[in-house]
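Visitor: Quick one: structure below, then a few questions.
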Amino acid sequence: MIYDYTSDGVVMEVKFPYTVKRQDIPKIFERDSVKPLYFEYNPDGIVYVICSNKVKEKVMGKFVEKGAEVKIIQRD
């Protein structure tokens, strides 16, 4: 399903530290005009995120600020 959203985007695999709760992840972008298009949560604690190519650096930066490891796994 995640690849249905990637017509002009990047898919990131994001691993957050255990201190970041799943329900808090979308809140990272609450006050920001730049937001990912889609989040998909894996039971193993990995979050797949899609964002446009234009904002990928800013989105990645926000995750890294929270201590996450970010890996781009697909790019259009």
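The values are calculated or read from the model by the stated rules, or taken from the named source; none is laboratory data. The structure presented is a predicted model; accordingly, all values stated were derived computationally and were not measured. Quick reminder, even Gly has a Cβ in these numbers, built from the backbone with ideal geometry, and neighbours come from all protein chains shown.
Visitor: Mind counting the residues in segment 35-67 that are of a type in the set (A, V, I, L, M, F, W, C), over 19 Å from LYS15 (Cβ atoms) and loosely packed, with under 14 Cβ neighbours inside 10 Å?
Guide: Of the residues in that region, 0 qualify.
Visitor: Residues of segment 42-65 being among the charged types (D, E, K, R) and over 12 Å from PHE16 (Cα atoms), which ones?
Guide: Within segment 42-65, LYS54, LYS56, GLU57, LYS58 qualify.
Visitor: Tally the residues that are of a type in the set (Lys, Arg) and touching a strand residue (DSSP E or B) at 6+ places or on another chain (Cβ under 7 Å), restricting the search to segment 27-63. Give the derivation first.
Guide: Residues of segment 27-63 of a type in the set (Lys, Arg): 27, 31, 35, 54, 56, 58, 62.
Filter again for touching a strand residue (DSSP E or B) at 6+ places or on another chain (Cβ under 7 Å), leaving 56.
Looking only at that region, the number is 1.
Visitor: Give me the pairs, please: first residue somewhere in segment 53-76 and without any contact (Cβ under 8 Å) to a residue 60 or more places away in the chain, second residue anywhere and surrounded by 14 or more Cβ atoms within 10 Å (Cβ to Cβ) and in a helix (DSSP H, G or I), beta-carbon distance under 7 Å, and either six or more positions apart or on two chains.
Guide: Correct list of pairs: LYS62/ILE28; LYS62/PHE29; LYS66/ILE28; VAL70/MET60; VAL70/PHE63.
Visitor: Could you list all residues from segment 56-76 that are closer than 14 Å to ASP24 by Cβ and either modelled with pLDDT under 90 or under 11 Å from the mean Cα position of the chain (by Cα) (or both)?
Guide: LYS62, PHE63, ALA68
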